Amino acid sequence: MNSRLAQISREVSYALRHAPQEYGLKLDGKGFVPVEALLGALNARHPARRAVVREDLEEIIAISDKKRHEIVGDRIRALYGHSVRDKIERVPSAPPEALYHGTSHKALESILDGGLLPMGRQMVHLSADVEMAEQVGRRRDGHPVILQVDASAAHSDGLEFFEGNDRVWLAANIPAQYLSVL
Ligand code: HQG
């Protein structure tokens, strides 16, 4: 992805996950805003940048290594990562047997003590495969710790899981009893 699209992608994530009000946007219950409103806000903030158009957003979604956003009709939303105060409405679904979470050695003791907590976001983020967990963990530690989540046991015990995209799963928290270090 070229640097213009990468920069736009980061800004779209920021606006739709964390700071819609900074952009004069209001997320609906599922996190959507009108595409036209987002484009207007992005372009108003960067008058010197070539105007972002809907096709740019479609290209970002098509070529990104991770599916972070989706466009449905004339609306767009972030699929995960939110920190906005109002909880995004999601429908729970049955998780795969195992999920993974990549994190830093520094955080490990606290996680094994108190479980995985959402920290600054609405939800704990889990990866569908080890490779993705490693990629997530490397943001914080060159040799991240990979935790395996016994998602089927947690789910049978009543914990709810939500699909962010095909490789990212979400949960309100994961008690330590379901975690093991790989
Ligand atoms: C840690 C990116 C201490 C947790 C990524 C993580 C992901 C604890 C950090 C998505 C803890 C939170 C989310 C506890 C959890 N004590 N530390 N009890 N419980 N933590 O960024 O999962 O590229 O909010 O291990 O790739 O790292 O932006 O979560 O290290 O998919 O699309 O607290 O964001 O996606 O950090 O990343 P984050 P995350 P994008």
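Here are some notes:
- Quick note on the stretch 40-107: its Rg to Rh ratio, both from C-alpha atoms and Rh being the Kirkwood radius, is 1.06.
- Annotation for Leu25 and Leu5: the two label points, set 7 Å from Cα along the Cα-Cβ direction, are 1.9 nm apart.
- Accessible area per residue in Å² at 1.4 Å probe, computed on the chain: 53
- Reach of Lys106 by Cα under 29 Å, taken over lysines that are not fewer than 8 positions away in the same chain: Lys66, Lys67, Lys87
- Whole-Å semi-axes of the stretch 1-48's equivalent ellipsoid (Cα gyration tensor): 18, 12, 9
- Rounded percent of accessible protein surface that carbon and sulfur make up, the chain, 1.4 Å probe: 49
- Each Lys and Arg contributes +1 and each Asp and Glu -1, all at the Cβ; summed about the Cα centre of the stretch 98-181, the dipole is approximately 360 debye.
- Relative to the globular-protein estimate of 2.2 N^0.38 Å, the Cα radius of gyration of the stretch 98-181 stands at 0.97.
- From the Kirkwood radius over Cα pairs of the chain, Stokes-Einstein at 10 °C and 1.306 mPa s returns a whole-number translational diffusion coefficient of 91 µm²/s.
- Sites Glu89 and His46 - FRET efficiency at Förster radius 45 Å, r taken between beta-carbons, to 0.05: 0.90
- Given charges at Cβ of Lys, Arg, Asp, Glu: the chain dipole, positive-most of Ala78, Leu16, Ala98: Leu16
- CD proxy at 222 nm, helix term only [per DSSP H run n ≥ 4: -39500 (n - 2.57); per residue of the chain; nearest 500]: -9000 deg cm²/dmol
The values are calculated or read from the model by the stated rules, or taken from the named source; none is laboratory data. It should be emphasised that the depicted structure is a prediction, and the values quoted were computed from it without experimental measurement. Because the Cβ atoms are built from the backbone with ideal geometry, glycine has one as well, and the counts that use them run over all protein chains shown. Remember, those area values only see protein heavy atoms, side chains included, never the ligands or the DNA or RNA. Shrake-Rupley method; radii C 1.70, N 1.55, O 1.52, S 1.80 Å.
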